[in-house]
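Report on the following structure.
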Amino acid sequence: MKAIILLGAPGAGKGTIAVSLAGKGRYEHLSTGDILRAAVAENTSVGRKAKPFMDAGDLVPDDLVVELVAETVRQEDEVCWYVFDGFPRTLEQARRLDEQLELNDGSLERVFQVDVPVEVLVRRLAGRRVCSACSAVYHVDNRPPADEGVCDRCGGELVQREDDNEETVRNRLEQYKIQSEPLTGYYRQRGLLEVLDGQKDPESIADDIASCLSAGVVDR
Ligand code: AP5
């Protein structure tokens with residue numbers, strides 16, 4: 001198994017880019033946020049444990065998240081390239097991902113950090129709408145659906161994510177700074193880090209990533 005990681009603050013566009021990449025064929029999008037939200041919606045025991053952390057904009061404990069990722073990866077062993085979106089988010093998660101990859105004869109090919117200024121992040125999160133049925137992501141200004149409030153893909157109702165309210169967003173950005181920014185140094189030291197301009201069009205960012213992975217160079 002080969003893996004790449006998308007690092008970036010809440011609203012940087014990790015999910016949107018991962019969906020574009022997945023459309024290019026050999027990539028499997030693995031979003032810990034999506035997996036956790038599904039667990040909450042299904043009211044599983046993991047979902048019940050994770051919900052209070054997610055509602056507050058705090059990180060879910062490492063053990064819970066690492067176990068979820070291990071289970072998902074085991075179920076999807078035919079896939080060639082995983083695109084980790086929102087994982088790892090702490091140095092402990094990063095170390096445990098290294099262990100898992102080693103155990104599965106896998107390799108971490110590259111880590112892409114998607115950079116976006118904080119004022120843009122706040123505007124993106126305030127205007128984000130997601131489909132309540134299929135989780136497709138829209139934005140009221142940047143990526144509006146054809147019919148207001150209705151998903152282009154499945155016709156589902158578009159809603160605001162519960163953790164996209166102002167107070168929770170502030171805490172998510174703070175947690176990112178404290179707990180996740182150290183990952184940049186961790187991967188830079190190992191020569192794996194590529195920094196991308198997250199204000200470009202998501203499709204062209206995904207193209208840059210795909211060409212980097214096939215040619216070893218990123219066209220910024
Ligand atoms: P998660 O769902 O991972 O949230 P996040 O990291 O806060 O990231 P977002 O989903 O908010 O943003 P994104 O970067 O994917 O941006 P998007 O593409 O949607 O996690 C939620 C919670 O789960 C966490 O708070 C935590 O509690 C828990 N959790 C998850 N993983 C965990 C872990 N590993 N450990 C512990 N806890 C964990 O885009 C945002 C908006 O911008 C959209 O409206 C989009 O249309 C727009 N947009 C995107 N790209 C562009 C662009 N290039 N130009 C213009 N607009 C754009």
Excluding Val116 itself, what net charge comes from residues whose Cβ is under 11 Å from its Cβ, given Lys and Arg +1 and Asp and Glu -1? +1
Quick note, the chain: a/c under 1.5 would make it rounded; otherwise a/b > b/c is prolate and the rest oblate (a ≥ b ≥ c, C-alpha gyration tensor); here it is rounded
Of the residues Ala206, Ala41, Ala146, which exhibits the maximal mean-square fluctuation in a Gaussian network model of the chain defined by a 10 Å Cα contact cut-off? Ala146
Amide N proximity, the stretch 162-189 versus Val122 label position 7 Å along Cα-to-Cβ, cut-off under 18 Å: 163-178
Give me the extension gain from Thr184 to Asp34: residue separation times 0.36 nm, minus the current Cα-Cα distance, reported in nm with one decimal. 51.7 nm
Heavy-atom accessible area per residue, the chain, 1.4 Å probe: how many Å²? 51 Å²
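What shape does the stretch 129-220 have by the C-alpha gyration tensor, where a ≥ b ≥ c are the square roots of the eigenvalues, rounded means a/c under 1.5, and otherwise prolate means a/b greater than b/c and oblate the rest?
Verdict is oblate for the stretch 129-220.
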Can you tell me the relative contact order of the chain? Whole percent, Cα pairs under 8 Å, sequence separation 6 or more. 30 percent
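At 15 Å minimum axial length over the Cα atoms and a Kyte-Doolittle cut of 0.0, report the qualifying DSSP H helices in the chain, or say none.
Counting only whole DSSP H runs, the qualifying helices are 62-75, 202-215.
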Compute the length gained on full extension between Cys134 and Lys177: take 0.36 nm times their separation in residues and subtract their Cα-Cα distance, giving the result in nm to one decimal. 12.5 nm
Where a Cα-Cα gap under 29 Å defines reach, which lysines qualify for Lys24, not counting those fewer than 8 residues away within the same chain? Lys2, Lys14, Lys200
Out of Phe84, Phe53, Phe112, any idea which swings most in a Gaussian network model of the chain, alpha carbons joined below 10 Å? Phe53
Points 7 angstrom from Cα along the Cβ direction at Ser214 and Glu167: gap in nanometres? 4.9 nm
Counting pairs of alpha carbon atoms under 8 Å apart in space and at least six apart in sequence, what relative contact order in percent does the stretch 89-198 give? 39 percent
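The values are calculated or read from the model by the stated rules, or taken from the named source; none is laboratory data. Only a predicted model underlies this, so the values are computations on that prediction, with no experimental measurement involved. All Cβ positions, glycine included, derive from the backbone under ideal geometry; neighbour counts span all protein chains shown. Ligands, DNA and RNA are stripped out before the accessible areas are found, and what is left, the full protein with its side chains, is counted by its heavy atoms. Shrake-Rupley method; radii C 1.70, N 1.55, O 1.52, S 1.80 Å.
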